[in-house]
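*Asks:* What follows is a structure written as structure tokens; I'll ask about it next.
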Amino acid sequence: MTKNTKVSLTVVAVVVAVVAALLVFTKPGEDTPAAQADAPPAVPASILVRPDSHRLSDPAGAKVTVVEFLDLECEACGAAFPGVERLRAEYGDRVTFVMRYFPIPSHRNAELAARAVEAAGKQGKLEPMYRLMFEKQPEWGDQQVSHRDTFVGFARQLGLDTAAFEAALDDPVTLGRVLADRTDGADIGVEGTPTFFVNGVKFSGSPSYQALKAVIDRELAK
């Protein structure tokens, strides 16, 4: 064997050893620089939660914030609602839960329902109206007729001043408040509902109770 051949074989052996080491120590799924680059960036808190955003729970010193962009007429949002309420009951003393409107234009009553929740909030009944909308969603959702009278009935059921409720319902300021939420959502990549953000990071996958709980627990453990 010539000297040049020996050198060439030595170089090849070194290259093979280096490649083998890389394969051993860089396993699929680990946080390689490429994997980190693919992680979704956190949305700035100043956009995700505005000063007037509706905090359904807001404990002092909360380490975790869960923001939901929702459509009150959306069946998937209605399906997620019980799980969200369960999470609020379990984590409300440690986690901030924020509700933001994202009415889908193709849903005939979604924007009106959001305005109704906002109008109820003028009389201190935002959360009861929010809950009633989802609890009664099968009665009014997915229909191509106005359910204004239905929502006024909800206001009456909650003991609201219906005249003041209807005035707030029709106030352009109320509509502007709903549309401002939707604009923020569109600006940060919300395309459908429900869309959740946990500590600024968009949640991917089915928003089941267990899946959201796992992410919340992970963030609390940090």
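The values are calculated or read from the model by the stated rules, or taken from the named source; none is laboratory data. Since we're looking at a predicted model, the values are computed, not measured. Calculation scope for accessible area: heavy atoms of the full protein, side chains included, ligands and nucleic acids excluded. Shrake-Rupley method; radii C 1.70, N 1.55, O 1.52, S 1.80 Å.
*Asks:* Please work out the Kirkwood hydrodynamic radius for the stretch 74-140, using every pair of different C-alpha atoms, and report it in angstroms with one decimal place. Before the final figure, lay out each step's value.
*Replies:* Working: mean 1/r = 0.0780 Å⁻¹.
The answer is 12.8 Å.
*Asks:* Expressed as a whole percentage, what fraction of the accessible surface of the stretch 177-219 belongs to carbon and sulfur atoms when a 1.4 Å probe is rolled over the protein heavy atoms? Present the calculation step by step, with values, prior to reporting the outcome.
*Replies:* Numbers: 970 of 1920 Å².
The nonpolar share, carbon plus sulfur, comes to 51 percent.
*Asks:* Quick one: 3J(HN,Hα) in Hz for the stretch 151-161, Karplus 6.51/-1.76/1.60 with θ = phi - 60°, rounded, Gly and Pro as x.
*Replies:* So the J values, rounded to whole Hz, are 6, 5, x, 4, 4, 5, 4, 7, x, 7, 6.
*Asks:* Okay, next question. Please list the non-local residues whose amide H lies under 5 Å from the amide H of Arg94, H modeled 1.01 Å from N, same-chain partners needing a gap of 5 or more.
*Replies:* Amide H to amide H, under 5 Å and 5 or more residues apart or across chains, Arg94 pairs with nothing.
*Asks:* Check which residues have an amide H placed less than 5 Å from His54's amide H, if you skip close sequence neighbours.
*Replies:* Under 5 Å from the amide H of His54: Met99.
*Asks:* For the stretch 103-180, what is the accessible area per residue in Å² when the probe is 1.4 Å? List each step's numbers first, then the result.
*Replies:* On the way: 3690 Å² over 78 residues.
Spelled out: the 1.4 Å probe surface of the stretch 103-180, per residue, equals 47 Å².
*Asks:* Can I ask one more? Please report, as a whole percent, how much of the solvent-accessible surface of the stretch 34-127 comes from carbon and sulfur atoms (probe radius 1.4 Å). All intermediate terms of the calculation are to be shown ahead of the outcome.
*Replies:* On the way: 2200 of 4130 Å².
C and S fraction of accessible area: 53 percent.
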